[in-house]
Amino acid sequence: MRIVSLGLAVAASLAFATAIGFAQDREAVVLTIDGNIKNATARDFSIAQLEALGPEKIETSTPWHDGKVTFEGVSLARLMEHVGASGGTAAVLALNNYRTEIPLSDFATYGVILATKKDGRYMSVSDKGPLFVIYPFDAFSELNSELYYSRSAWQVCSISIE
Ligand SMILES: Nc1nc2c(c(=O)[nH]1)N[C@H]1C(S)=C(S)[C@@H](COP(=O)(O)O)O[C@H]1N2
Ligand SMILES: [Mo]
């Protein structure tokens, strides 16, 4: 009986989550940072831990969306400071094994964010989530080039500081 009611409760909450849209588990680990960081042990982050570092917003158009989109997430400069990154490059790895290298200097120069939300909602993997490197493309014309598009990894799951 208990199992049946538990099953019903799970089914009901899943149906609710589906009805309101994608529900992100804010406590699940979504990102690992390793390499040249303070005390050298890999650090795991959940969405909640990333959000605790302070939200940043970028409203911009991108090559992958229609019209202007508002992204919210954590400042990558702030995240690098938080883990004590030292080095020149962040090697960013995505769930599809896409890998790109970003000079750490980009983060402060352009205010790049690791976005967790698009237009107020968490992004599912099929919507390029849960984490998407976003540059303010509209604010700096030079960002509208293949070089910065290639640094804009989506479905990010780990960052290695080299
Ligand atoms: N996760 C992930 N991010 C990625 C890629 C990828 O294959 N996977 N391709 C990158 C490259 S090389 C570029 S130029 C742009 C490509 O965007 P497009 O596939 O829409 O042309 O996204 C970048 N971000
Ligand atoms: Mo590319």
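The values are calculated or read from the model by the stated rules, or taken from the named source; none is laboratory data. Computed from a prediction, not measured in an experiment: that's the story for all the values here. Reconstructed Cβ throughout: ideal geometry from the backbone, glycine too, with neighbour counts over all protein chains shown. Each accessible area value is taken on the protein alone, full model and side chains, heavy atoms only, with ligands, DNA and RNA left out. Shrake-Rupley method; radii C 1.70, N 1.55, O 1.52, S 1.80 Å.
Of all residues in the range 86-106, how many are of a type in the set (S, T, N, Q) and open to solvent by 60 Å² or more (accessible area, probe 1.4 Å)? Explain how you work it out, then say what you get.
Restricting attention to the range 86-106, the residues satisfying the condition of being of a type in the set (S, T, N, Q) are 86, 89, 96-97, 100, 105.
With open to solvent by 60 Å² or more (accessible area, probe 1.4 Å) added as a condition, the list becomes 86, 96-97, 105.
Number satisfying all stated conditions: 4.
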Matching residues in the range 137-162 (of a type in the set (G, A, S), assigned to a loop (DSSP other than H, G, I, E, B) and either in contact with a strand residue (DSSP E or B) (Cβ under 6 Å, 6 or more places away or on another chain) or within 16 Å of ligand 2 (Cβ to nearest atom) (or both)) number 3
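Can you work out which of the residues in the range 123-153 that are charged (D, E, K, R) and under 16 Å from the mean Cα position of the chain (by Cα) is farthest from ligand 1 (Cβ to nearest atom)? If you could, list the steps in order and put the result at the bottom.
Looking only at the range 123-153, we keep the residues that are charged (D, E, K, R), and these are 127-128, 138, 142, 146, 151.
Keeping just the survivors that are under 16 Å from the mean Cα position of the chain (by Cα) gives 127-128, 151.
Values: D127: 12, K128: 7, R151: 8 Å.
In this case the residue turns out to be D127.
Residue by residue through the range 31-47, note down the ones that are in contact with an Asp or Glu (Cβ under 9 Å, 6 or more places away or on another chain), of a type in the set (V, I, T) and in contact (Cβ under 8 Å) with a residue 24 or more places away in the chain.
Our first condition is that a residue be in contact with an Asp or Glu (Cβ under 9 Å, 6 or more places away or on another chain); within the range 31-47, this holds for 31-33, 35-36, 40-43, 46-47.
In the following step, the residues that additionally are of a type in the set (V, I, T) were identified as 32-33, 41, 47.
Hits for the range 31-47 are T32, I33, I47.
With T41, T18 as the choices, which residue is of a type outside the set (G, A, S), modelled with pLDDT under 95 and assigned to a helix (DSSP H, G or I)? Walk me through how you get there before you give the answer.
Working: T41 fails: assigned to a helix (DSSP H, G or I).
On inspection, the qualifying residue turns out to be T18.
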Filtering the range 50-88 down to residues that are in contact with a Gly (Cβ under 9 Å, 6 or more places away or on another chain) and touching a residue at least 60 places away in the same chain (Cβ under 8 Å), which residue is farthest from R26 (Cα to Cα)?
G87
